[in-house]
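Worksheet: the structure to be examined is printed underneath.
Each value in this text was obtained by applying a stated rule to the coordinates, not by laboratory testing. The model shown is predicted, which means the values in this text are computed figures rather than measured ones. Quick reminder, even Gly has a Cβ in these numbers, built from the backbone with ideal geometry, and neighbours come from all protein chains shown.
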Amino acid sequence: MTTTPSKLQKMIASGNFAVTSEVGPPRSADGQVIEHKAKLIKDYVDAINVTDNQTSVCRLCSLAACIKLKLMGLEPVLQMVTRDRNRIALQSDILGAASFGINNILCLTGDHQHFGDHANCANVFDLDSTQLAMTVRMMRDEGKLLGGHEFEVRPQMFIGAAANPFAGPNVELRAARLGKKVAAGVQFVQTQCIYNMDTFKTFMKICVDRGLTEKCAILAGITPMKNVGMARYMQKRVPGIDVPDAIIKRMAGVPKEKQAEEGINLAVEQIEELKEVPGIKGFHIMAIEWEEKVPEIVERTGLYPRPQLNGG
Amino acid sequence: MIKAVPKPLEEIIGRVQDSNKVLIAGCDGCVTVCEAGGMKEAKILASALRLYYTQAGKQAQVDETSLTRQCEKEYLAQLSDKIDGYDAVVSLACGVGVQYLAEMYDNKIVYPGVDTCFLGVNEERGLYSERCQACGKCILADTGGVCPIARCSKRMLNGPCGGSEAGKCEINPDIPCGWQLIYERLKTLGQLDRFEKPVEPKDWKTSRDGGPRKIVREDLRI
């Protein structure tokens with residue numbers, strides 16, 4: 001596996017559980033939002049993802065926000081979707097990111113624009129997530145663009161992608177697809193948020209059996225539920241998320257004012273359970289517009305303080 | 001075949017309301033099959049326009065005809081002796097036919113009477129769905145005969161995406177997930193190994209991205 005200056009890669013290689021989280025940029029030019037959210041979580045995570053116009057809603061760009069994090073001395077993970085940019089723009093942004101010392105990229109295809117605030121726009125999809133990973137690997141390991149141009153100063157990217165064990169048609173295909181991404185150069189994945197433990201464990205077993213966990217670090221996705229309404233919404237409305245009825249029942253079983261606390265308890269229990277699952281290398285905590293809860297989750301699961309590595 | 005739907009009558013009226021002599025030109029090709037622009041539809045539209053002119057108290061003549069195909073000069077030439085007598089032509093052919101008609105009779109106002117939608121199949125009468133985006137480099141041999149470019153909403157070549165659920169696409173539960181169809185077909189054919197190999201970035205030059213396309217078949221040209 002190609003070694004990069006990525007602190008996330010170092011943490012994974014150290015054998016400690018890695019912890020990542022994310023910040024969603026604002027729908028305005030207010031860069032302070034990024035700083036504020038990052039400050040809430042920075043001491044509790046090894047790297048911070050910045051989402052790229054998530055759910056196809058136009059926001060302050062991921063690259064600019066990642067540069068801001070880098071200038072704050074933090075470790076950003078540049079999320080990049082292929083929906084909005086062709087291979088010229090994607091490679092150009094990767095070179096730009098690398099010029100600021102950004103060393104982590106998450107290669108995504110992106111939600112269809114149908115979900116967002118510009119449903120009438122044209123999409124691009126010149127590449128898909130797997131092809132974006134191949135492209136980054138070529139740029140990094142061969143010093144070459146897709147067009148054939150060769151260059152000296154290469155982007156030192158730790159290459160990541162998403163994995164969703166819960167989407168269709170079945171968990172075997174989902175593991176096979178992760179295998180495809182790994183073959184394309186993906187070194188770490190952050191999974192879709194996990195609520196169905198049985199399905200997730202089956203997925204992990206297949207990944208271990210296929211040898212994927214040797215080549216690729218799997219970070220388990222955790223999203224704490226704020227209330228039963230959010231749980232129901234995710235169960236019914238969000239494609240690719242599997243919320244078992246037992247979780248709805250549990251959230252509904254506590255008084256409204258206690259539901260947020262119950263959601264955090266559930267996230268903590270999930271992490272504790274997942275620590276025991278072979279192949280898990282860390283956790284990706286997506287506390288959507290609830291960043292202030294990340295420290296509590298990290299502390300309660302014994303993942304704080306974050307280990308300090310040499311040069312980290 | 002090319003699939004199209006009739007434009008709303010109000011839109012066509014908005015175009016021809018000030019014309020005195022209108023020719024509705026149907027096409028006996030694809031648009032006849034999908035019942036959007038053949039002789040039958042030309043007659044229906046002509047009747048509707050006559051009714052409009054009468055009710056609006058306007059004197060106007062509306063005639064209808066249909067050509068074997070509007071994408072060939074030989075058939076378009078059949079209009080040459082009468083087209084000068086009309087202020088405007090409403091072509092019910094696909095966008096190809098509308099343009100070729102306008103190209104051949106360059107001093108004539110030609111309005112489209114249908115919205116051209118896609119290359120697709122007749123699933124049932126009145127139910128058509130897309131199958132091909134004419135990318136110019138067919139990959140169906142590798143994808144179990146199901147096209148991910150036409151049938152995946154994100155035209156992914158390494159799908160399915162994480163939004164595929166219960167065999168349906170994330171953008172609409174009425175749309176089958178193209179990659180699930182590919183997976184199932186490959187499984188049936190015993191070719192799942194094809195799924196495991198990452199597909200390289202596609203060369204889109206042969207698609208629309210290469211600019212307006214042209215085929216020159218020297219073997220067919222005299």
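Listed by chain and number, the lysines placed with their C-alpha closer than 17 angstrom to that of B:K205 are B:K137, B:K214; residues fewer than eight positions away on the same chain are left out. Spread over its residues, the convex hull of the C-alpha atoms of chain B is 165 Å³ per residue. When all alpha carbon pairs of chain A are counted in 20 Å bins from zero, the resulting P(r) reads 34, 61, 5, 0 %. Taking chymotrypsin sites (Phe, Trp or Tyr not before Pro) across region A:130-174, the ones in a DSSP loop with at most 12 further Cβ atoms lying within 10 angstrom of their Cβ are A:F151. With Cα atoms defining each centre, region A:144-173 and region A:42-111 are spaced 14 Å apart in the structure.
Quick check: from the Cα gyration tensor, does region B:111-222 come out rounded (a/c under 1.5), prolate or oblate? Judged from the Cα gyration tensor, region B:111-222 comes out oblate (a/c at least 1.5, b/c at or above a/b).
For A:H149, A:H112, what's the fewest-to-most ordering of other Cβ within 10 Å of each Cβ?
Working: A:H149 9, A:H112 22.
By the 10 Å Cβ count, ascending: A:H149, A:H112.
Exposed loop sites here are GluC sites (Glu not before Pro) in DSSP loop states with at most 12 other C-beta atoms within 10 Å. What is the longest stretch of chain A lacking them? Formally, the longest exposed-site-free interval is A:1-151.
In the protein assembly as shown, the ratio of gyration radius to Kirkwood radius, Rg to Rh, stands at 1.08 when only Cα atoms are counted.
Restricting the calculation to alpha carbons of region B:1-119 gives Rg and Dmax of 13.0, 41 angstrom. For B:K202, a cut-off of 15 angstrom between C-alpha atoms picks up these aspartates and glutamates, skipping any fewer than 8 places away in its own chain: A:D126, A:D128, B:D142.
Kirkwood analysis of the Cα pair distances in region A:56-151 returns a hydrodynamic radius of 14.0 Å. Annotation: lysines with alpha-carbon distance below 19 angstrom to B:K43 (same-chain offsets under eight excluded): B:K7, B:K21, B:K82. When 1/r is averaged over all different Cα pairs and the result inverted, which Kirkwood radius in Å belongs to region A:1-124? For region A:1-124, the Kirkwood estimate is 15.1 Å. Residue-wise HN-Hα couplings along region A:145-150, as the Karplus relation 6.51 cos²θ - 1.76 cosθ + 1.60 with θ = phi - 60° gives them from phi, are 8, 4, x, x, 4, 9 Hz; Gly and Pro carry x. If we count every other residue with Cβ under 13 angstrom of A:V254's Cβ, Lys/Arg +1 and Asp/Glu -1, where does the sum land? Within the 13 Å Cβ shell, the charges total +2. Cα centroid distance between region A:222-237 and region B:161-222, in Å? If we compute the Cα centre of each part, the gap is 34 Å.
For region B:84-195, the dipole from Cβ point charges (+1 on Lys and Arg, -1 on Asp and Glu) about the Cα centre works out to 540 debye, to the nearest 20.
Close amide H contacts of B:K21 (hydrogens built in the peptide plane, cut-off under 5 Å, sequence separation of 5 or more or a different chain): B:Q61, B:D87, B:A88.
Using only the Cα atoms of region B:62-115, build the gyration tensor, take square roots of its eigenvalues as a ≥ b ≥ c, and label the shape rounded, prolate or oblate: rounded if a/c is under 1.5, else prolate if a/b is larger than b/c, else oblate. Provide the component values of the computation, followed by the final result.
On the way: a/c = 1.32, a/b = 1.11, b/c = 1.19.
The shape class here is rounded.
If R0 is taken as 45 Å, the Cβ-Cβ distance between B:L189 and A:C61 corresponds to a FRET efficiency of 0.55.
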